[in-house]
1. Measure of size requested: the Rg and Dmax of region 71-211, with Cα atoms as the atom set and Å as the unit; please supply both.
2. Could you give the length gained on full extension between Leu207 and Met18, defined as 0.36 nm per residue of separation minus the Cα-Cα distance, in nm?
3. Hey, can you rank 182-194, 150-162, 74-86 by average C-beta count inside 10 Å, highest first?
4. Calculated FRET efficiency, Gln109 and Asp164, Cβ-Cβ r, R0 25 Å, to nearest 0.05?
5. Please turn the phi angles of region 150-160 into ³J(HN,Hα) values with the Karplus equation 6.51 cos²θ - 1.76 cosθ + 1.60 (θ = phi - 60°), one per residue in order, whole Hz, x for glycine and proline.
6. How big is D for region 70-122, in µm² s⁻¹ as a whole number, if Stokes-Einstein is applied with the Kirkwood radius of its Cα pairs at 25 °C and 0.890 mPa s?
7. So who's got an amide H within less than 5 Å of the one on Trp3, skipping anything under 5 residues away but keeping other chains? H placed 1.01 Å off N, in plane.
8. Find how much the distance from Met1 to Glu75 grows on full extension, using 0.36 nm per residue of separation minus their present alpha carbon separation; answer in nm with one decimal.
Amino acid sequence: MKWVVTAPELLGDSSEVMARIASRAWWPWEAHLGSNTCASALGAAPFATMPPWHGGAALLRGARVNWEVASPDGEFREAKSMVVEMDCPDEAQVWARREASHPFVGTYQRCGLLASRPYFLQTRASAKEARKEERMDGEVPRYALWYGEDNEQWVITEEFRLTDELVVDARCKDSAWMPWQASANWEVSDGDRGFVEDIYVRVEEMLTTMEPTL
């Protein structure tokens with residue numbers, strides 16, 4: 001019941017490992033979280049059965065585990081800074097036709113994991129730019145780009161509806177690991193519980209340009 005790191009020639013042999021973590025997570029990038037990032041499982045701990053002095057945050061924090069690294073003498077020490085991460089760009093760009101007035105277009109930043117996949121939040125600058133013709137006082141609402149596992153689709157919702165698929169502003173019925181890998185077309189809400197296909201809406205990955213070293 002552990003994820004382990006071994007030398008290549010020891011693949012399948014867990015008798016000699018260089019690092020380990022006790023976790024039942026499906027994927028190694030979720031192992032340090034203590035479980036999976038399935039939306040239906042988040043917060044599913046039986047809080048009602050916990051004593052009043054045992055807060056929900058403490059219960060979830062207690063589920064987190066750390067990787068352990070082997071030392072030369074064969075013992076293991078806790079490595080709190082060690083994590084396994086999914087190799088994924090930190091930013092995504094949502095595009096639409098120039099004449100479109102979709103408020104969810106713009107740059108999105110990766111913020112974490114949900115349903116084993118990364119989720120992204122629209123930057124505040126993009127949120128303001130998308131509403132440049134509107135007069136809005138105070139903080140501008142943002143959008144979230146995430147994978148809805150209940151309906152196996154990538155969706156764009158308002159930020160406060162993260163993990164809630166009841167009200168969706170745009171969707172792509174594709175279970176690709178990343179939103180820019182989806183082959184199906186995006187559909188946009190028509191405002192009346194229906195959707196209209198919009199071939200101009202697309203998501204692209206934003207790769208960081210590496211500075212040349214001298």
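Every number in this text was worked out from the coordinates using simple rules, so none of it is lab data. Given the structure is predicted, the values throughout are model-derived calculations rather than measurements. Ideal geometry is used to build each Cβ from the backbone, glycine not excepted, and the neighbour counts take in all protein chains shown.
1. 17.7, 66
2. 64.9 nm
3. My ranking of the peptides, most packed first, is 150-162, 182-194, 74-86.
4. 0.75
5. Each residue's phi maps through the Karplus curve to give 4, 10, 6, 8, 7, 9, 10, 10, 5, 3, 6 Hz.
6. In µm²/s, the coefficient is 169.
7. Ile21, Ser23
8. Here the segment from Met1 to Glu75 would lengthen by 24.7 nm.
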